[in-house]
Amino acid sequence: MESAPSQDPALPEGGEVVSTGSAWRLILRTFAQNKLAIVGVVIVVLVVTFSFLGPVFYHTDQFNPNLSAVNLPPGGSSPLGTDQSGFDILGRIMEGGRSTLEVGLAVGVISTVVGLVYGAISGFFGKWLDIVMMRFVDIGLAVPVVFLFIFMSRIYKPSLGLLIVLLALVSWQIPARLVRGETLSLRTREYVQAVRVMGGKSSRIIFRHIIPNTIGTIVVTVTFQIANSILTLAVLQFLGFGLPPTQPNWGSMLSDGTTFLQDGFWWQVYPALGFIVLTVVAFNFIGDALQDSFDVRLQER
Amino acid sequence: MTGFIVRRLGQAVVVTLGVTAITFLLLHLLPGSLAREIIGNRATAQEIAAFNHQWGLNSPLWYQYWKFLVELLHGNLGYSFSKNRTTDSLLASELPRDLLLGGLSLVLSLIIAVPVGIAQAVKRNGLVDYAGTGVSFFLYSMPQFSVALLLVQLLAITYHVFPAIVPQNESAIYLLTHPRPIVLPVLSLALVSYAAFSRFMRSSAIDTLAQDYMRTARAKGLPERLVLWRHLVRNSLLAVVTLVGLSIPTILTGTLIIEAVFNYPGAGLEYYNATLSNDYQVMLGITVLVGMVTVVGNLLADIGYALLDPRIRY
C-alpha cells in the first residue's frame, strides 16, 4: 500500500496515530469532554483553595466574639458583614468551609471504603452470609438517621471526629449494596475462576480482583457521598445536633442566620447557603460525569 | 410468586425486629435513669425502687424488650412520662395531619415530576432537558430546610401571600378546607421530593426508550404520539411504584424537618420536641413506627412491582 505524501511534517507517515488508549485514558478523555465536569472540578478547586488558603491572606478573629460589631451589614472592614456574635462572615465562611469540607471528604471516603469491603465480602461468599449481612444493611437503612445522632450527642460531646464517625455509620449502607450487586456478577467471571483454580485464597480474590474491578462504582459513589454528607451536616446543625459553636461550618452558619431572616439580615444566610449549594452541585456534576465516563468504558470494551 | 412474597415477608419481619432491637438497646444504654429523669433528683431510694418496680424497669433487659414487643404487637407504642399520655394517643391526633402533609406533597411532586421527567427524556439534551436538570440539580443540592427558607422569605416575608405559621389545634379536615397556612409546608416538601423524583423519572424513561418494544411500536407504524402514550408513559409509570416505596424514609425525614421549620403540628414535630425535652419513650415509639413504615413501604414496592411487571418471575 502506497502512503500518500504527508502534507504536514508533524504528522507521522501513514497518517495520524489514533491512540487505542488504556481504559483510564478513555475515561479521562470522556470526563474532560464533559463541560459540566470541568465546571465541577474548577468549583471544587476554587472552594478548597478559598477555605484552606483564604485565612492566610484574610485574617479574622473567629474565636473571640466582638459584641461592639454584631449584625453589621456588608461593607467597611467586613465585606460580607458580621453575625450575631460579631464574627466576620467572610472569614467565617473560610473557617467553616474547612470543617465542612473535612467532614464531607472524610465521610465520603470512609463510608465508601467500609461499604466496599462489606459489600464485596457479602456478595463474594453469598449464601447465608450474604443473607445475614444484607439484613444488617436493611436494618441500618430503616433506622432514622436523626435518631442515632440525637442518641450519640446525648452520650458524647460532639466533636469533628465523632461527627465523621457517626455520619459514616449512617451512610455506608448504600455503597455496600451497590458493591455487593456488582460483586455478584464479578465473581462468576472467568478470571476469578482462574485465580481459584490456581489456588488463590478468597481474600486475594476479593482484594486483588473484585475490589479493583468495582473502581467505577467506588469513584462515583465517593463524590455523591461527599455531596450528601455536606447536606446531612447542614440538616443536623439546623435540628441542633451538630458541632459546637467553636467549630463553625456552613451548616451552623446557615441555621444560625435563619433565626434573623425576619430581621432582614440576609448576609447571615445567603453566603453560607450559596457555598453549600455551589459545592454540592460541583460534586454532583463530577459524580454524574464520572458515571458517564465509566459507562463509556464499559460500552467500548 | 407466593414463595417470593413469603421470603420477602420473612425478611421484613427480621428487619423490623432488628430495628426495634437496636433502638431499644440504644435507649437503654443512655446514661442516667428514667426514674431520676421523671421523679427528680431528690427522690429517695425507696421511691426510685417503687417507680422501677411499677414500670418493670428492674427486670432483665431481654424481658423488658420482650414486654416491649408484646405491647407493640398490641398496638401500644409506649408511654410519655412528660406528657402523661400514651404515645399512641399522642400520635392519634398528629397522624391525620402528617398524612395530609405527606400525602398532598407526594401527590403534588408526582404530578409535576412524572410529566417533566418523561418530557426531559423524550427531548433529551434539548432546552427543556437542560432547564429541568438545572432546576432539579439546584433543589437537590440544598439542605432540605433551606427550600422552605427561601419560600418563606419570598412568599411570607417579602410578599405576604401565604402565612409561615400553621394553626396548632386544628384538625386535618379543617386544614384541608382552609388550606392557606399549609401551602408553604406542602410546597416545600413537594419541591424537595420533586428534585429526586424528576431525576429518577428521566433516567427510567430513558431506559424505557431504549427498549426493543419501543422500536417495534415505531416500526409497525404507530404514530409517535401513541408510541409515547401507550408504551413510554405506561411503562414509565411502573417505576413510580418503586420510587414511592423507596423514598418513604426520605419523605419521613423531610416531614420531620419541614414540621420543625413551620411548627406544623405532626409526629415529626412531636419527635423533635421529644428530643429537646429528652422524652425517650416518645422517641422510641416514633422511631420504631418510622422503621416499620419504611420496611412496609419497601415490601409493598417490591411486591407491587413484581405484580405489575409480568416480565418479573420468581
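So that you can scan it fast, the table gives a plain yes or no per residue for (1) touching a strand residue (DSSP E or B) at 6+ places or on another chain (Cβ under 8 Å); (2) more than 19 Å from A:Met94 (Cα to Cα); (3) modelled with pLDDT of 80 or more:
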position: A:Val17; (1), (2), (3): no, yes, no
position: A:Gly21; (1), (2), (3): no, yes, no
position: A:Thr30; (1), (2), (3): no, yes, no
position: A:Phe52; (1), (2), (3): no, no, yes
position: A:His59; (1), (2), (3): no, no, no
position: A:Phe63; (1), (2), (3): no, no, no
position: A:Pro74; (1), (2), (3): no, no, no
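What is the residue count in segment B:89-115 for residues that are closer than 28 Å to B:Ser277 by Cβ and touching a residue at least 24 places away in the same chain (Cβ under 8 Å)?
12
Taking B:Thr250 as the residue in question, decide whether it is surrounded by fewer than 20 Cβ atoms within 10 Å (Cβ to Cβ) and either assigned to a loop (DSSP other than H, G, I, E, B) or modelled with pLDDT under 85 (or both).
Criteria met by B:Thr250.
Out of segment B:173-186, which residues are surrounded by fewer than 20 Cβ atoms within 10 Å (Cβ to Cβ) and either outside any helix (DSSP H, G or I) or under 18 Å from the mean Cα position of the chain (by Cα) (or both)?
Residues satisfying the conditions are B:His178, B:Pro179.
How many residues, within segment B:281-293, are surrounded by fewer than 24 Cβ atoms within 10 Å (Cβ to Cβ) and modelled with pLDDT under 85?
The number of residues fulfilling the criteria is 2.
Condition first: more than 8 Å from every other protein chain (Cβ to nearest Cβ) and in a helix (DSSP H, G or I). Now tell me which residues in segment A:246-265 satisfy that.
Answer for segment A:246-265, where residues must be more than 8 Å from every other protein chain (Cβ to nearest Cβ) and in a helix (DSSP H, G or I): A:Trp250, A:Ser252, A:Met253, A:Asp256, A:Gly257, A:Asp263.
Go through segment B:113-171 and report how many residues are surrounded by 14 or more Cβ atoms within 10 Å (Cβ to Cβ), among the polar types (S, T, N, Q), more than 10 Å from every other protein chain (Cβ to nearest Cβ) and more than 22 Å from the chain's Cα centre (by Cα).
1
Please go through segment A:154-167 and give me each residue that is farther than 22 Å from B:Leu252 by Cβ and either within 14 Å of chain B (Cβ to nearest Cβ) or in contact (Cβ under 8 Å) with a residue 60 or more places away in the chain (or both), ordered by number.
Result: A:Ile155, A:Tyr156, A:Lys157, A:Pro158, A:Ser159, A:Leu160, A:Leu163, A:Ile164.
Please find, within segment B:273-302, the residue that is farthest from the chain's Cα centre (by Cα) out of those that are assigned to a helix (DSSP H, G or I) and of a type in the set (Gly, Ala, Ser).
Among those residues, the one meeting the criterion is B:Ala274.
Quick check: is even one residue across segment A:289-300 within 30 Å of B:Val261 (Cβ to Cβ), within 14 Å of chain B (Cβ to nearest Cβ) and polar (S, T, N, Q)?
Within segment A:289-300 (the criterion being within 30 Å of B:Val261 (Cβ to Cβ), within 14 Å of chain B (Cβ to nearest Cβ) and polar (S, T, N, Q)), the answer is no, since none of the residues qualifies.
Go through (1) farther than 30 Å from B:Ile157 by Cα; (2) under 24 Å from the mean Cα position of the chain (by Cα); (3) away from chain B (no Cβ under 14 Å) for A:Leu243 and report which single condition fails.
The single condition A:Leu243 does not satisfy is (1).
Would a scan of segment B:210-217 turn up a residue that is surrounded by fewer than 14 Cβ atoms within 10 Å (Cβ to Cβ), within 14 Å of chain A (Cβ to nearest Cβ), free of Cβ contacts under 8 Å to residues at least 60 places away in the same chain and over 19 Å from the mean Cα position of the chain (by Cα)?
Yes, the conditions are met somewhere in segment B:210-217.
If you scan segment B:53-110, which residues turn out to be of a type outside the set (S, T, N, Q), at pLDDT below 80, under 24 Å from B:Glu270 (Cα atoms) and in a loop (DSSP other than H, G, I, E, B)?
Listed by number, the residues that qualify are B:Trp55, B:Gly75, B:Leu77, B:Gly78, B:Phe81, B:Lys83.
Conditions: (1) in contact with a Lys or Arg (Cβ under 9 Å, 6 or more places away or on another chain); (2) within 13 Å of chain B (Cβ to nearest Cβ). A:His209 meets all but one. Number of the miss?
A:His209 satisfies every listed condition except (2).
Counting only residues that are facing chain B (nearest Cβ under 8 Å) and of a type outside the set (D, E, K, R), how many does segment A:113-153 have?
12
Scan segment B:268-279 and give yes if some residue there is surrounded by fewer than 20 Cβ atoms within 10 Å (Cβ to Cβ), farther than 25 Å from B:Leu30 by Cα and not aliphatic (A, V, I, L, M), otherwise no.
no
Would you be able to tell me the number of residues in segment A:191-219 that are within 29 Å of A:Ser171 (Cα to Cα) and aromatic (Phe, Trp, Tyr)?
Final tally of qualifying residues: 1.
Tell me, please, whether a residue that is β-branched (Val, Ile, Thr) and surrounded by fewer than 19 Cβ atoms within 10 Å (Cβ to Cβ) can be found in segment A:73-88.
Checked against the condition, which is being β-branched (Val, Ile, Thr) and surrounded by fewer than 19 Cβ atoms within 10 Å (Cβ to Cβ), segment A:73-88 yields no hits at all.
Could you pull out the residue among A:Ile131, A:Ile121 that is touching a residue at least 40 places away in the same chain (Cβ under 8 Å) and either assigned to a helix (DSSP H, G or I) or under 26 Å from A:Leu46 (Cα atoms) (or both)?
From the options A:Ile131, A:Ile121, the qualifying one is A:Ile121.
Within segment B:55-74, does at least one residue satisfy the condition of being under 29 Å from B:Ala260 (Cα atoms), more than 14 Å from every other protein chain (Cβ to nearest Cβ) and touching a residue at least 24 places away in the same chain (Cβ under 8 Å)?
Looking for residues that are under 29 Å from B:Ala260 (Cα atoms), more than 14 Å from every other protein chain (Cβ to nearest Cβ) and touching a residue at least 24 places away in the same chain (Cβ under 8 Å), one finds at least one in segment B:55-74, hence yes.
Away from chain A (no Cβ under 12 Å), closer than 17 Å to B:Leu101 by Cβ and not aromatic (Phe, Trp, Tyr): does that describe B:Gly266?
yes
So which of A:Gly199, A:Gly274 ends up being surrounded by fewer than 22 Cβ atoms within 10 Å (Cβ to Cβ) and assigned to a loop (DSSP other than H, G, I, E, B)?
Matching residue, one of A:Gly199, A:Gly274: A:Gly199.
In this structure, is B:Ala239 touching an Asp or Glu at 6+ places or on another chain (Cβ under 9 Å), more than 26 Å from B:Glu170 (Cα to Cα) and away from chain A (no Cβ under 11 Å)?
yes
Somewhere in segment A:213-227, is a residue within 11 Å of chain B (Cβ to nearest Cβ) and surrounded by 19 or more Cβ atoms within 10 Å (Cβ to Cβ)?
Yes, the conditions are met somewhere in segment A:213-227.
The values are calculated or read from the model by the stated rules, or taken from the named source; none is laboratory data. Remember, predicted model here, so these are calculated numbers, not experimental data. Positions of Cβ are backbone-derived with ideal geometry, glycine not excepted, and every protein chain shown enters the neighbour counts.
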